[in-house]
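Worksheet: the structure to be examined is printed underneath.
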Amino acid sequence: MVITRRISLQTSGCCDVVDITRQVAKEIAGSEVNSGTVTLFLAGSTAGVSTIENEPGLISDFKEMWQRVIPTDIRYRHDQAWGEGNGYSHVRASLLGASLTIPFSNKTLTLGTWQQIIVVDFDNRPRSRQIVLQIMGE
């Protein structure tokens, strides 16, 4: 069985990290599927999904890492072509990735004790985001 659901959210951009673990768990709990996998896909090219320990110090470290690896203050050819100033956000999002698959059993995500599901919005302005969930199993 395959069930498709969506999670909608507003983000503030600028490396905004949003924990969506509860929303994903709620969609699984409300589905007819007891055990299987959930695949999350973020529709957009300036944000991504991952897992992390959603602890303030680690979130700060995570954001600082992006600035060190893919800085906002260097020249990006995308910016020259489109003038939006968000070339870095496209590069960051492509590195993080737009999808994630997580198994679940007895309607419970099999995440680690301190592991949460996050959306990271790298864009340079607030956005409306859509995360597509495909819940598959029996």
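Full extension of the segment from Glu84 to Gln115, taken as 0.36 nm per residue of separation minus the current Cα-Cα distance, would add 7.8 nm.
Note on Asp73 and Ala43: with the Förster distance fixed at 35 Å, the Cβ-Cβ geometry gives a FRET efficiency of about 0.80. Taken one residue at a time, the phi angles of segment 33-40 give Karplus couplings (6.51, -1.76, 1.60, θ = phi - 60°) of 8, 8, 9, x, 10, 10, 10, 9 Hz. Gly and Pro are set to x. Report, in degrees rounded to the nearest 10, the 0 to 90 angle that the Cα long axis of helix 87-96 makes with the longest principal axis of the chain. So the inclination is approximately 30 degrees. Only DSSP H runs of four or more residues enter the estimate; each adds -39500 (n - 2.57), and after division by the residues of the chain the mean residue ellipticity at 222 nm equals -8000 deg cm²/dmol. Compared with the dominant principal axis of the Cα atoms in the chain, helix 56-69 is inclined by about 50°. The calculated FRET efficiency for Glu64 paired with Arg125, based on their beta-carbon distance and R0 = 22 Å, is about 0.60.
Projecting the Cα atoms of Leu42, Ile28, Phe104 onto the charge dipole of the chain, computed from C-beta unit charges around the Cα centre, puts Leu42 farthest toward the positive end.
Dipole magnitude for segment 2-137: computed about the Cα centre from +1 point charges on Lys and Arg Cβ and -1 point charges on Asp and Glu Cβ, it is near 300 debye.
One chain, two ends: Met136 and Thr108. Fully extended at 0.36 nm per residue, the span grows by 8.7 nm beyond their Cα-Cα distance. Using bins of 5 Å that start at zero, the share of Cα-Cα pairs per bin across the chain amounts to 2, 10, 20, 21, 18, 13, 8, 5, 3, 1, 0, in whole %. Highest mean packing first, where packing is the average number of other Cβ atoms within 10 Å per residue, the peptides 92-99, 41-48 line up as 41-48, 92-99.
The numbers here are math on the coordinates, done by the rules we state, and not lab data. Just so it is clear, the structure is predicted and the values come from calculations on it, not from any experiment. So basically every Cβ, Gly included, is an ideal-geometry build from the backbone, and we count neighbours across all protein chains shown.
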